[in-house]
1. Beta carbons within 10 angstrom, averaged per residue: use that to sort the peptides 156-163, 100-107, 25-32, highest first.
2. May I ask for the net charge around S52, where only other residues with Cβ less than 10 Å from the Cβ of S52 are counted and Lys, Arg are +1 while Asp, Glu are -1?
3. So, by mean Cβ neighbours within 10 angstrom, what's the order for 68-76, 42-50 with the highest one leading?
4. For the chain, would you read off the P(r) tail past 21 Å as a percentage of all alpha carbon pairs?
5. Quick one: 3J(HN,Hα) in Hz for segment 57-69, Karplus 6.51/-1.76/1.60 with θ = phi - 60°, rounded, Gly and Pro as x.
6. Using the basic label-point model (7 angstrom from Cα toward the beta carbon), what is the A61 to A133 distance in nanometres?
7. For W70 and V123, calculate 0.36 nm times their separation in residues minus their Cα-Cα distance, and state this gained length in nm to one decimal.
8. Would you kindly derive the ³J(HN,Hα) couplings of segment 75-89 from the backbone phi angles with the Karplus curve 6.51 cos²θ - 1.76 cosθ + 1.60 (θ = phi - 60°), listing them in order in whole Hz, with x for Gly and Pro?
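FYI, it's all coordinate maths here, none of it is from the lab. Keep in mind that what you see is a predicted model, and the values were worked out from it rather than measured. All Cβ positions, glycine included, derive from the backbone under ideal geometry; neighbour counts span all protein chains shown.
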Amino acid sequence: MTLHTGPQCLLDENPTSDSASTAAFLGNVLSTACASSPSDNIGCAFRDPDPSSYGQGFNEAGGGVFAHLWNQDGIKIWHFKRSSTPQDITSGSPDPSTWPTPVAFWSNAKCDMASHFVDHSLVIDTTLCGDWAGNVYGNSGCPGTCAEAVSQASTFDSASVLFNALSLRL
């Protein structure tokens, strides 16, 4: 999960959480500089430590739900396994205040979200071997190169995409 912004926006690695006894996020910080440019397009990113949040683990879990909240505190993203999706989401009345700790939290403390984000767009990207994936594939534990893997039709035997719903609440 990554944010790409203009200059002067950083991911706060130690933001204040809603509870003094709870971490503000569960994900692993991959990078803290959010600014994106032609020579550096990494952005500020989290990796979900739950293997059911992507790839084969996501498929084996029957998919899941990703929820996103953008408010005065910053931007938060949750991932729920399909089997543990909160009832308030399935009923169509999501209440993030009742959810557990998010996977990712970009705090407003080191990035003025209002000056970097307007007219929000949801981008669902299935880029294969792009800027990021192509460069980290070698560390994935998979054989060969990313290009070799995607050239094999059998690589996609268990791949599927299904959107049950997309909703926006203002």
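1. Numbers: 156-163: 8.2, 100-107: 22.0, 25-32: 16.8.
So the order, starting with the most tightly packed, is 100-107, 25-32, 156-163.
2. Working: positive: K81, R82; negative: D48, D50, E60.
Net charge in that neighbourhood comes out at -1.
3. Numbers: 68-76: 15.9, 42-50: 18.7.
My ranking of the peptides, most packed first, is 42-50, 68-76.
4. Numbers: 7864 of 14365 pairs.
Every Cα pair in the chain considered, those over 21 Å come to 55 percent.
5. With the stated coefficients, segment 57-69 comes to x, 5, 4, 5, 7, x, x, x, 10, 10, 10, 10, 10 Hz.
6. 1.9
7. Values: separation 53, 0.36 × 53 = 19.08 nm, distance 1.54 nm.
Working it through step by step, the gained length comes to 17.5 nm.
8. Once rounded to whole Hz, the list reads 10, 10, 10, 10, 10, 10, 4, 3, 6, 10, 5, x, 4, 5, 6.
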